[in-house]
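The values are calculated or read from the model by the stated rules, or taken from the named source; none is laboratory data. Only a predicted model underlies this, so the values are computations on that prediction, with no experimental measurement involved. Cβ placement follows ideal geometry from the backbone for every residue including glycine, while neighbour counts extend to all protein chains displayed. Only protein heavy atoms, including side chains, enter the accessible area calculation; ligands, DNA and RNA are left aside. Shrake-Rupley method; radii C 1.70, N 1.55, O 1.52, S 1.80 Å.
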Amino acid sequence: MRSFDADLAGSDFTGANMAQCNLEMADLTGTTLQGADLTNAYVTGAVLKGLTNIKGSDWTDVDMRKDQRSYLCSIAEGVHEPSGVPTKETLMCPE
């Protein structure tokens, strides 16, 4: 999936396979990513501050800015069901 500079505000990607997705510069304000697999997705420049739900999502090997990771860690919860790995662990959140 390629969503460079896309307006995805308010979208619902619950359980979506978004592995290797290019979300560069995309607006994800109000977007739900509950249970989504974002493994190796590219999110540099994406607007992540307004994400509403990332519970149980997988962010393994997602390269992102420090401020993006900090924000996601502040709202992360749950376990990605297919992998059994906690969302905070996939984000490499500090303990």
Enter the accessible area of Met18 (Å², nearest 10), with the probe set to 1.4 Å and all protein chains included. 0 Å²
Can you run phi through the Karplus equation (6.51, -1.76, 1.60; θ = phi - 60°) for the stretch 5-13 and list ³J(HN,Hα) in whole Hz, with x for Gly and Pro? 6, 7, 8, 9, 3, x, 6, 10, 10
Computed for the chain: size of charge dipole around the Cα centre, +1 on C-beta of each Lys and Arg, -1 on C-beta of each Asp and Glu, debye to nearest 20, value 160 debye
Taking a quarter of the surface of the Cα convex hull of the chain, what do you get in nm²? 4.8 nm²
Å² per residue, accessible surface of the chain at 1.4 Å: 53 Å²
Ignoring ligands, DNA and RNA, please state the percent of accessible area on the chain from carbon and sulfur, probe 1.4 Å. 48 percent
Mind checking which of Ile54, Gly30, Ser70 is farthest towards the positive end of the chain's charge dipole, using Cβ charges of +1 (Lys, Arg) and -1 (Asp, Glu) about the Cα centre? Ser70
The chain: antiparallel DSSP beta bridges as a percent of all, rounded to 5: 20 percent
Can you tell me the relative contact order of the chain? Whole percent, Cα pairs under 8 Å, sequence separation 6 or more. 22 percent
In nanometres, what is the gap between the two model label sites at Asp67 and Ala19, each 7 Å from Cα along Cα-to-Cβ? 3.2 nm
